[in-house]
Amino acid sequence: MACLELDRAFARSPRGALKIARVLLALATFLCFVASNAHEAYAALAGLEMGITLLFLLLYLLKLDAKMRWLFWPLADIFNSVIAALFLLVVCLFAVIVKSNKGTLAGGVLGLILLVLCVVDTVLLCKKISLARPRGRNAPAR
């Protein structure tokens, strides 16, 4: 069995810090929705966002994207961020408008901040990739 190597530079990079911030903010949003007994869809969205972002974080931290080259991972990450932003926009605006209690309102506001982080992550990823360049971490710079 091959030993997995940890990419410490990714955790210190802007993209890595952004992924960590997204996971932590999604956790806080999830906890607000659960503690306030909000609608289950609110908590489910925050929980799924936390889980999927954590999986992408582990993918990059363990350099699995370089080992599993059958999928263009940055593009999958962009799709995840865009879809998450759209769902967060709808659900968190609804949570803020309805504001059945303060926990739901706090979860909605945190979710809207998470939406901004998703958009920033999408912009950073779009700047990183170019479909004309070869894939991989060691691709020559243009």
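The values are calculated or read from the model by the stated rules, or taken from the named source; none is laboratory data. Being a predicted model, the structure only gives us computed values, none of them experimental. Note that we place each Cβ from the backbone using ideal geometry, even for glycine, and neighbour counts take in every protein chain shown.
Being polar (S, T, N, Q) and in contact with a Cys (Cβ under 7 Å, 6 or more places away or on another chain): is that true of SER36 here?
Values: polar (S, T, N, Q): yes; in contact with a Cys (Cβ under 7 Å, 6 or more places away or on another chain): no.
Here the answer is no, as SER36 does not meet what is asked.
Would you please name the residue that is modelled with the lowest pLDDT, looking only at residues in the stretch 118-141 that are polar (S, T, N, Q) and not in a helix (DSSP H, G or I)?
Taking the stretch 118-141 as the starting set, the residues that turn out to be polar (S, T, N, Q) are 122, 130, 138.
When the remaining residues are screened for being not in a helix (DSSP H, G or I), the result is 130, 138.
Working: SER130: 66, ASN138: 51.
Filtering first and then ranking leaves ASN138.
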